[in-house]
Structures are given as structure tokens and as C-alpha cells.
Amino acid sequence: MITIHIIPLLVAMFLAINMGGSGTAPTFAAAYGANLVRKDLIPGLFGIFVFAGALIAGQKVIMTVGGDILPSETVGMTMSVIVLGSVALSLFFANMLRVPQSTSQSTIFALSGPALYLGVLQTDRLFFEIIPTWFVTPVLALVISYGVGRYIYLPLSRKIRPLLDFLRGHRALKYFVIATACYVSFAIGSNNMANAAAPVLAMAVNMLDVEVGSPNFLLLMMILVFMLAPMFGLGSSLLGHRVLQTTGKDISSFGPLGASYISVITASILLVASLWRGIPTSLVQMNTAAIIGLGMVKNGHLHVWHNAPLKKIFTIWIIAPMIAMLLSLLFVWLADGAGLLQTH
């Protein structure tokens, strides 16, 4: 029995590896694009701060993903494997195409497939909070990035150009920019750890008859975070260089201040979503939107919007979550036909 129920954990680890690959871009793309951090240092920093973010600020999102779309009492071993496997395969597809993908959107779509099949989809938070947030946050990131870039960043940089040229080679500024990248890693841990941990946690709660919110529930959550956080760093090491190249180098190259304020904007919006309402949302889309906003200021609107990698990114953003949903629907149909949809 114990051996069998390790399978969802192994699938969750595979998903966390893929999330590490995809999540590296929104965390370190700006610093990497500005040539401020070595590629080989990124996985370790990323994994440490993802762990800290999940442990300190990730509880609300884990509870949202674990029961507010697909009721937690329907999540047994088979269901958890179906959800996690569907998300992991869709993200693996995006990673192989060197495109950072939203794990949150893929996870919510993968949960929605079985929920629709079983007739238990909980629509209130999905349609009135989660999905609207997906549209609002990237637009907010783009508007803030564009506004700060046009009315503060560029005018200020022109006035203090000699000072900026001096600071550009100073260690303190380099460390500041890297610190903002670590701040983004913390934010991604607060939000995206739920995508791997929540289905396994829901299964464990059903198996062990643990009350949600109890000390034992929190202990289970902490154990899962301890086990899954290193997989984010491993995924960053194995797969992160592919999406770093697409997001960090192929779209634009940023100075130190540009790298810093992109990081602060996206991480702050994500942390608000995590801590305020526990809403799983897309850091990669906010990050790319902020990069577009700054790119529009620096290089012009047409140059950015006709950039080939952006077209590729937008296409995969639509396709990957749909793949996750279709896969979960297919797998739950097959599992139901085989009589495998037990909840314990």
C-alpha cells in the first residue's frame, strides 16, 4: 500500500522538475539578460528561495488548488496521478519548445477536466476570482512596467547617466539585482509550489483522515514542501537554460535598473495574489508582460510586437493548458472505465 502511494509523489517530483525549468525564466531572465549572474549559480539560488516562499507564504494557494476547483474528497491516488501527470506532460511540451509556461493555468485546467467529468466543478472561485486574475495581472504588470519605464526610468537614467555608468560595474548594484531575482523565486514558491504539492496533499488527507487546517495537515504540507523544493532547483539545472535563452536573451537585453524593477513588479503582484486570496496565477505571463512593457519604451512598439519569440510564447500559452485539460479528461475517462477512481 505504501509503495503504491509513492507513485503520486514521484509524479509530483517530475512536475516540480518541469516547473523548475519553466520557472527559471521569470525569476532570473532579467538578471541573466543583463549579464549580471552566471548561469551555473541560478539553480541553487532558485531552489533555496522557492523553498522559503512555499514554507512561509504558500499555505493559502495550496488550499485553493487542493480543494476549491476539484473537491479534495474526490482526490485519491489515481486522481492525483492523473492531475499531476497531465500538468507535467503539458509543461514538458512547453519546456522542450523553450517557452516558459504557466504552471498555475495548466494545473487549474487539469483539475477542471476531472471535475467536469464527475460533475463536481466548483465554479465560484474559478470564474469570479481565478480566471479574472489571470487577465488582470499581466495587464497590470505591462501597464506598470511601461509607465515606470517611460515616465521615471528613462528620464531618470538620462539625467544621471554618469552615475549609472559608474554604478553599472559596482558590486553592490549587481548584488541588488540578484537579490530581486531571489525575491521573485520566493514569490514563485509562495504560489507555484501548490501545483505539485496540493494534489498529493489532498490524497494524503483522504488516506489518513486528516482534518484540513489541523496541526497534522500543516505537518503534511511542510513535509511535501521539504521533498518537492529541491526538485525545482534540479529542474532549473536540467531545463532552465532553454527558457532562459528565450526570455532573457531573445526578447531584449536590460540594464541593471530595468532588471530590478521588472523583478520587483512581477514578484510583488504574485505575492499579493498568494497572501491575499490564495489565487494561483501566472508569474511567467506577468514577467513577459513586464518585459514587453519595458521593451516598448526602449525599442518601440513595433519592434517588440513583431518579435518572433513572442508569437511563439503566446501560442504555447494557449495550447499547453488545453493539453493539460484534454489529457486529464482522457485519463479520468480511461480510469473510470477501468474502475480505478477510488478516493482512498
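The values are calculated or read from the model by the stated rules, or taken from the named source; none is laboratory data. Just so it is clear, the structure is predicted and the values come from calculations on it, not from any experiment. Every residue, glycine among them, receives a Cβ derived from its backbone with ideal geometry; neighbour counts consider all protein chains shown.
Find all pairs meeting these conditions: Cβ atoms under 9 angstrom apart; at least six residues apart or on different chains; first residue within the range 100-126 and over 28 Å from residue 236 (Cβ atoms) and outside any helix (DSSP H, G or I); second residue modelled with pLDDT under 95 and among the acidic types (Asp, Glu).
These pairs meet every condition: 122/68.
Residue 94 fails exactly one of the following numbered conditions: (1) surrounded by 24 or more Cβ atoms within 10 Å (Cβ to Cβ); (2) of a type outside the set (Ser, Thr, Tyr); (3) in contact with a Leu (Cβ under 8 Å, 6 or more places away or on another chain); (4) part of a helix (DSSP H, G or I). What is the number of that condition?
(3)
Select from the range 245-297 the residues that are crowded, with 24+ Cβ neighbours inside 10 Å, at pLDDT 85 or above and among the hydroxyl-bearing types (Ser, Thr, Tyr) and list them in ascending order.
Scanning the range 245-297 gives 266, 274, 281, 282.
Residues 50, 83, 65, 61: which one is part of a helix (DSSP H, G or I), farther than 30 Å from residue 264 by Cβ and either at pLDDT 85 or above or among the polar types (S, T, N, Q) (or both)?
Just one listed residue meets the conditions, 83.
Looking at the structure I just gave you, is residue 101 of a type in the set (S, T, N, Q) and farther than 23 Å from residue 314 by Cβ?
In short, no.
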